[in-house]
Amino acid sequence: MRLRHLSLACLTLLVAACGRPALTGAAPKAEDAARVMAAARSAGEAEVVSWNTPALAANDTGLEPTDVAAFDRNGDGKLDAAEQLGLYRAVWDEMGTLARGGQTAPVAPPTGPADYHPPYNTAYTPTKAEIFFDAEEILPAVVQTLQSAQRTIRMDLFMLGGSQGQKLAELLVAKAKAGVDVRILHDPGFGLAGEPHTQIIPVMRYLLDQGIRVKPYPLQDLPRRYGHPLANATQIDHDKFLVVDEQVAMVGSMNLIDVGVMNHDAYFRLTGDVATELAATHDATWRLDGPALPDFGKAAPPAARYGVAEASEGQARILKTDIDRQTTRQGLLDAIAGSRKSVHVLIFEFGDPDVAAELVKAARRGVDVRVIADPNASYDKYFPAFKKVKLHGTPNLLTTNILREAGVPVKWYVAQAPHQEMHMKAAVIDHERVILGSTNFTYQAFHTFRETSADVVSPAAAARWEDVFQKDWEAHAKPVLKQTYLERVITVAVKGFDKINLSWW
C-alpha cells in the first residue's frame, strides 16, 4: 500500500490509534485542575471550557448514558470542567487520532507543469442546459450521452464502480470497439478502502482487460496545504464530469458507483463552449505524468441498459479547483453577494465560515436565504470505522450554527432511504442561476482538491431545481436546533482541525 493510502487510512479510521479515550471507552485519568485549564487555554480549548465552566447535567450533554459514565470520573452524574475537557480531547482524537502540534514549515503551492495550459473562459457562453435529479434520472442521461458519442469520450471521476459502474463500463467498451477514443481520469486512490474500494476494483479490471485507457490523476501537481505533516493526506481528484465529442458535457455531484446511487444528487447536461473547455482541460491533464496504475489483476463482466432528456436555452461557465485555478469559492461568494431575491442551498459538506457569513449578509439585506445541509450520518458506508464514532454534522455543525444564530433558516436533510445523503453541492440564486457540481463548500474543495462545477443561468433549469428544493424544505428536512454540548465540542474541534490544516473535508 502506498504512503498516501497509509496516511489516509491513519487519518480516517478515526477511533483507536491514540492514547486518549474514545467516546465509548475508559474514563480519562485524573489530572490537576490548574494544569488542565492552563493546557486548555494554550491549545485554544478555552472555547470549550474555562475556569468557571459549570458542571453539566448528563441529559444536557448530547451523549448516550454509557458515554457520560465514561467521562464522569467522580460518578456524580455530571461533567465538571476537567471532565468536559476530557470529552473534548476524546472527540479530537476520534476525528484524527493525532496529537496537536507537529507543525511543519510552510510549503509554497506548485506552479504546475510548464506545459499545462488548458483554456479557461471567465465569461458566460451560450448553452442548452438540462438538469437531472437522483439516480433514476441521472443514470439514463449519462447512458444516453455516452451512447451519442461518435468520436471521443472523456471522463474524470472520483468513483466508478459496482453494478452501476459495470453497466457504464460495458457501454464504454462497446463505444471503444466502434472506434470512439475513450479516456478515463480517475482518482488515484480508487476508493481507498472499505466498500467503495471493493466496488471499484472489479470495474477497473474489466476496463483494463478490454483495452480502455485509464490514468490516475496526478495529485502531486495540485496546490498543497501546510500546518501539519498529514495536511495533504486526504487530497483527491473529486471530479464528476464527462464530455462526448467535445460538444456535450455532464457535470454534477453523483458518484457513478453503487454506494452513491441512493444519494440525493443532481447533474447538468450542457452544450457549447463549456463542453469544449472541459474536453481540452481533460486532454491537457492526460498529458501530465501521474502515479503508476495499480495492478488490479484480471476480471469478468455482467450486463444492462437505460435512456431519456429535455433542454432549455441558457448561459454557462465552468468553475474549477485545479492545478492552476481556484475559482469556485469566489464565484459562489460573488453570486451570494449579488443576489436580490433568493439564495437556496442544498449541500453535503459545508465548512467555510466566510460563505456562511455572506449568506447571513444576504439575509440581512432581505434576500430569502435558506439552507438544507446533510447531517453526515452515513460516512460509515465509505469507511466502516465511522460506525463506532457519532461525530454527525462534521463539518456542517460549524456553519449551520453560524446561520441559526443569525436567524437564517437552516435545516438538516432527513434521509428518505437507508444510507442516503444530501449529496448535492448546489445553490440557486434569484430563481435563475444555479451553481452545481462536485465542489463542497469547504476549504479543501475550494483550494486543494480537483473539482468542477457549472455556473448556469437558465430560468427553466432553476425553476426545476426550485421545485426540488421546496419539496425537500417542506417534507424532507428538519430545523437545525440549538447545539447540544457534544455538538459544540465537535464544532470547536472542527475549528481546530481547520486551523492546523488537518481537516479531511
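The values are calculated or read from the model by the stated rules, or taken from the named source; none is laboratory data. What you are looking at is a predicted structure, and each value in this text was computed from that prediction instead of being measured. Every residue, glycine as well, gets a Cβ built from its backbone with ideal geometry; the counts of neighbours run over all protein chains shown.
Some observations on this one:
- Taken residue by residue, region 223-232 has no member that is farther than 29 Å from Gln326 by Cα and either surrounded by fewer than 23 Cβ atoms within 10 Å (Cβ to Cβ) or not aromatic (Phe, Trp, Tyr) (or both).
- Some residue of region 179-195 being among the basic types (Lys, Arg), surrounded by fewer than 22 Cβ atoms within 10 Å (Cβ to Cβ) and at pLDDT 95 or above: yes
- Among the residues making up region 353-374, a single one is assigned to a loop (DSSP other than H, G, I, E, B) and within 19 Å of Gly331 (Cα to Cα): Val367.
- Where strands (runs of 3 or more DSSP E) fall wholly inside region 389-505, the ranges with 2 or more residues that are at pLDDT 95 or above, touching a Gly at 6+ places or on another chain (Cβ under 9 Å) and assigned by TED's automatic domain parsing to the domain that holds Lys341 are 425-429, 433-437, 451-457.
- Selection within region 144-159 - within 18 Å of Arg269 (Cβ to Cβ), surrounded by 22 or more Cβ atoms within 10 Å (Cβ to Cβ) and out of contact with any Lys or Arg (no Cβ under 7 Å at 6 or more places or on another chain): Met155, Asp156
- Hey, Arg154 under 29 Å from Met422 (Cα atoms), part of a loop (DSSP other than H, G, I, E, B) and within 24 Å of the chain's Cα centre (by Cα) or not: no
- Every residue from region 129-143 that is in contact (Cβ under 8 Å) with a residue 60 or more places away in the chain and either surrounded by fewer than 17 Cβ atoms within 10 Å (Cβ to Cβ) or β-branched (Val, Ile, Thr) (or both): Ile131, Ile138, Pro140, Val142, Val143
- A count restricted to region 434-445 and to residues that are touching a strand residue (DSSP E or B) at 6+ places or on another chain (Cβ under 7 Å) and surrounded by fewer than 24 Cβ atoms within 10 Å (Cβ to Cβ) stands at 1.
- When residues of region 327-346 are limited to those that are in contact with a helix residue (DSSP H, G or I) (Cβ under 8 Å, 6 or more places away or on another chain) and either of a type in the set (Val, Ile, Thr) or without any contact (Cβ under 8 Å) to a residue 24 or more places away in the chain (or both), the one farthest from Pro459 (Cα to Cα): Thr328
- Among the residues here, Glu170 does not qualify as of a type in the set (D, E, K, R), outside the structural domain of Arg464 (by TED's automatic domain parsing), closer than 25 Å to Thr439 by Cβ and in a helix (DSSP H, G or I).
- Residue in region 224-239 that is closer than 21 Å to Pro294 by Cα, modelled with pLDDT of 95 or more, within 21 Å of the chain's Cα centre (by Cα) and not in a loop (DSSP other than H, G, I, E, B) present: yes
- Checking Pro223 against (1) more than 19 Å from Tyr120 (Cα to Cα); (2) in contact with a strand residue (DSSP E or B) (Cβ under 9 Å, 6 or more places away or on another chain), the condition it does not meet: (1)
- Qualifying residue in region 247-255 (condition: in a loop (DSSP other than H, G, I, E, B), surrounded by fewer than 19 Cβ atoms within 10 Å (Cβ to Cβ) and at pLDDT 95 or above): yes
- Region 256-277, residues that are buried (at least 24 other Cβ atoms within 10 Å of the Cβ) and part of a strand (DSSP E or B): Leu256, His264, Ala266, Tyr267, Phe268, Arg269, Leu270
- Gly162 vs. criteria modelled with pLDDT of 95 or more, crowded, with 21+ Cβ neighbours inside 10 Å and either among the hydrophobic types (A, V, I, L, M, F, W, C) or not assigned by TED's automatic domain parsing to the domain that holds Lys425 (or both): yes
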